[in-house]
């Protein structure tokens, strides 16, 4: 009986992530197809990807750069819209923009005692606030898209030698995924008999 339960659990670990991923993808395709009024499954998603890519190309040109600045200027004058627009824009730029902010993983103190938390430096200096020796660190929550922003003295930080994407996956998964060092391990020297 234990062996059957073990087989079931292994099968569940293999099938559940595939099923959840497939379900989410199908739902996204269906919603986008429904919004665009298309009857061919997945066509709306493809059209959306193509349109976003085209907009990205156009925004990269010199002419569109001035148009983008004009849009930013207009939106920044609207009180509530400005907050939503700038927060969304900054969040996306932090992950995929030209000025990525989530590229320096660090270990920081987490309260009293020896506990530590993993996070990402988002501002290297707070000199503009009169805190020249402090940095801001974003601490993502596990199994969530939210987190906390805390201010730490530079002396309290320990930089992590790992890819930021791996560290983020490690945090979001609750420490389940593996994190590999970006520095290759040093070869160990072989000690022969009589050389000690």
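Every number here is computed from the coordinates shown, using simple stated rules; none is lab data. On a predicted model such as this, the values are computed, not experimentally measured, just so you know. Here the Cβ is made from the backbone with ideal geometry for all residues, glycine too, and neighbour counts use every protein chain on show.
The simple spin-label model puts a point 7 Å past each Cα toward its Cβ; for residue 180 and residue 114 those points are separated by 3.0 nm.
One decimal place: the segment residue 27-residue 129 gains 32.2 nm when fully extended, by the rule 0.36 nm per residue minus the C-alpha distance. Note on residue 16/residue 138: beta-carbon distance plugged into 1/(1 + (r/R0)^6) with R0 of 30 Å gives a FRET efficiency of 0.50. Shape class of the range 2-96 from the Cα gyration tensor (axes a ≥ b ≥ c, square roots of the eigenvalues): prolate, since a/c reaches 1.5 or more and a/b is larger than b/c.
The label-point distance for residue 163 and residue 58, in a model that sets each label 7 Å from Cα toward Cβ, rounds to 3.4 nm.
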